[in-house]
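For reference, the structure is listed below as structure tokens.
The values are calculated or read from the model by the stated rules, or taken from the named source; none is laboratory data. No experiment lies behind these values; they were computed from the predicted model shown. Cβ: placed from backbone, ideal geometry, glycine included. Neighbour counts: every protein chain shown. Please note that ligands, DNA and RNA were not included when accessible areas were found on the heavy atoms of the full protein model with its side chains. Shrake-Rupley method; radii C 1.70, N 1.55, O 1.52, S 1.80 Å.
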Amino acid sequence: MLPTSLDEAVETLATSPTAVPVAGGTDLMEAVNAGRLRPAALLGLGRITELRGWRYEDGGTAVLGAGLTLARMDRPDFAALIPALADAARTAGPPQTRNVGTLGGNIASAAPTGDTLPVLAALEAVATLASAGGTREAPVGHLLTGVDPMRPGELLSWVRVPLLHAPQVFLKATGRSGPSRAIASVALVLDPARRAVRCAVGAVAPVPLRPLDAEAWVAGCIDWDARGEEGAQPIDPAAAAAFGEYVATACVPDGYGADGSLALGVEGPTATALRLRRTVAVLARRALGRALK
């Protein structure tokens, strides 16, 4: 099934609710080839051009089509708009993956290592879901965690991202050089209007994690009036380092990496947890430092 418009796709999905939507297919076809998924039918979204772009809306919001490719998000015009999302798209994989992989596919597949997901969580992006009964909105974070999951017959169509016009950073650590899956990733966004910091950690759990207590604590350590002034130091380096440790401890539990039968007998953090905490702490500290420059 190859609809050419969003309305046609929604109508098709209503009549064939078991059909699985597919755009780039980078995650879907991997699951099919591995035998983890046997869809009764596929609903190809590649011909729906309206979902492959983005636009501005009044109120300082960017509306991104679910079919927007990772390669398109890496272009300079988009990078100027949402730099952290462009950075995440740039590191998401080899060119052949970025050329066909889509923003909506990242959300729908909800892979723990999805690079755009922590950025969307930190930006508090909202998804628009279309169905035969109309449209509704749900925070991307709620879709990923299952608090408000996609319902049968719904199609992810748009992603609304607030434009903060403030520094934002995405960093990730991998097991080898070049584009590859993240061991851990951190997205950090400043919100000067509210004097707030938003942070999300990816790849260490099934969904991106928001260390809310760490966010609130470090926001109180920043000299917001001095930020941007030449020669100013908006945060004490010791506080920035403590923020990294705070984030790491909040997101990586003591028993991380322990065998299930041994988890109850572990005293203190496992060696795996300590290694991952060091990685997350460095990423969080560096992300904060870059955002405050």
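Restricted to the range 206-239, and to residues that are among the acidic types (Asp, Glu) and over 27 Å from the mean Cα position of the chain (by Cα), which residue is surrounded by the fewest Cβ atoms within 10 Å (Cβ to Cβ)? It would help to see each step written out before you state the result.
As a first pass, look at the range 206-239 and keep what is among the acidic types (Asp, Glu): 213, 215, 223, 225, 229-230, 236.
Now narrow it down to the ones that are over 27 Å from the mean Cα position of the chain (by Cα): 223, 225, 229-230, 236.
Numbers: Asp223: 13, Asp225: 10, Glu229: 10, Glu230: 4, Asp236: 12.
That would be Glu230.
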**OP:** Filter the range 171-213 down to the residues that are part of a strand (DSSP E or B) and hydroxyl-bearing (Ser, Thr, Tyr), then identify the one that is nearest to Ala84 (Cα to Cα).
**Re:** Ser185
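For every residue, the table says whether it meets (1) outside any loop (DSSP other than H, G, I, E, B); (2) more than 25 Å from Val119 (Cα to Cα).
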{"residue": "Glu215", "(1), (2)": "yes, no"}
{"residue": "Cys221", "(1), (2)": "no, no"}
{"residue": "Gln233", "(1), (2)": "no, yes"}
{"residue": "Arg275", "(1), (2)": "yes, no"}
{"residue": "Val282", "(1), (2)": "yes, no"}
Subject >> Cβ-Cβ under 9 Å pairs, at least 6 apart or on other chains, the range 86-111 side at positive phi, far side open to solvent by less than 40 Å² (accessible area, probe 1.4 Å) >> reply: Gly93/Leu70; Gly93/Gly101; Gly93/Asp115; Gly93/Ser180; Ala110/Leu117; Ala110/Leu143; Ala110/Leu144; Ala110/Val207
Original post:
Taking the range 47-60 only, how many residues are more than 19 Å from Asp87 (Cα to Cα) and surrounded by fewer than 17 Cβ atoms within 10 Å (Cβ to Cβ)?
Top reply: 9
**OP:** May I ask you to list the residues in the range 246-270 that are at pLDDT below 95 and either buried (at least 21 other Cβ atoms within 10 Å of the Cβ) or not in a loop (DSSP other than H, G, I, E, B) (or both)?
**Re:** Ala263, Leu264, Gly265
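Look through the range 136-148, keep the residues that are part of a strand (DSSP E or B) and surrounded by 14 or more Cβ atoms within 10 Å (Cβ to Cβ), and return whichever of them is nearest to the chain's Cα centre (by Cα).
Going residue by residue through the range 136-148, those that are part of a strand (DSSP E or B) are 136-139.
With the extra rule that they be surrounded by 14 or more Cβ atoms within 10 Å (Cβ to Cβ), the set shrinks to 138-139.
Working: Ala138: 15, Pro139: 12 Å.
Within the range 136-148, the match that is nearest to the chain's Cα centre (by Cα) is Pro139.
Please go through the range 70-82 and give me each residue that is assigned to a helix (DSSP H, G or I) and over 13 Å from the mean Cα position of the chain (by Cα), ordered by number.
From the range 70-82, those assigned to a helix (DSSP H, G or I) are 70-73, 76-81; that's our starting set.
Across the range 70-82, the qualifying residues are Ala71, Arg72, Met73, Pro76, Asp77, Phe78, Ala79, Ala80, Leu81.
Could you list all residues from the range 1-44 that are assigned to a loop (DSSP other than H, G, I, E, B), out of contact with any Ser or Thr (no Cβ under 6 Å at 6 or more places or on another chain) and either over 18 Å from Thr135 (Cβ atoms) or at pLDDT 90 or above (or both)? Outline the logic, then answer.
Of the residues in the range 1-44, the ones assigned to a loop (DSSP other than H, G, I, E, B) are 1-5, 16-18, 23-27, 34-40.
Narrowing the set further to residues that are out of contact with any Ser or Thr (no Cβ under 6 Å at 6 or more places or on another chain) leaves 2, 4-5, 16-18, 25, 34-39.
The answer is Leu2, Thr4, Ser5, Ser16, Thr18, Gly25, Ala34, Gly35, Arg36, Leu37, Arg38, Pro39.
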**OP:** Would you point out the residue of the range 102-135, among those that are polar (S, T, N, Q) and not in a helix (DSSP H, G or I), that is most open to solvent (accessible area, probe 1.4 Å)?
**Re:** Thr135
**OP:** List every residue pair whose Cβ atoms lie under 6 Å apart, where the two residues are 6 or more positions apart in sequence or sit on different chains, the first residue falls within the range 130-149 and is under 17 Å from Asn106 (Cβ atoms) and touching a residue at least 60 places away in the same chain (Cβ under 8 Å), and the second residue, located anywhere, is open to solvent by less than 80 Å² (accessible area, probe 1.4 Å) and among the small types (Gly, Ala, Ser).
**Re:** Gly141/Ala121; Leu144/Ala110
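Across the range 202-241, what is the number of residues that are free of Cβ contacts under 8 Å to residues at least 24 places away in the same chain and over 30 Å from Ala110 (Cβ atoms)?
If we filter the range 202-241 for residues that are free of Cβ contacts under 8 Å to residues at least 24 places away in the same chain, which is where we start, we get 212, 215-216, 220-221, 223, 225-226, 228-233, 236-239.
The next check asks that each one be over 30 Å from Ala110 (Cβ atoms); those that pass are 220-221, 223, 225-226, 228-233, 236-239.
The qualifying residues number 15.
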Subject >> Residue satisfying all of: in the range 2-46; of a type in the set (Gly, Ala, Ser) and surrounded by fewer than 13 Cβ atoms within 10 Å (Cβ to Cβ); nearest to Asn99 (Cα to Cα) among these >> reply: Ala34
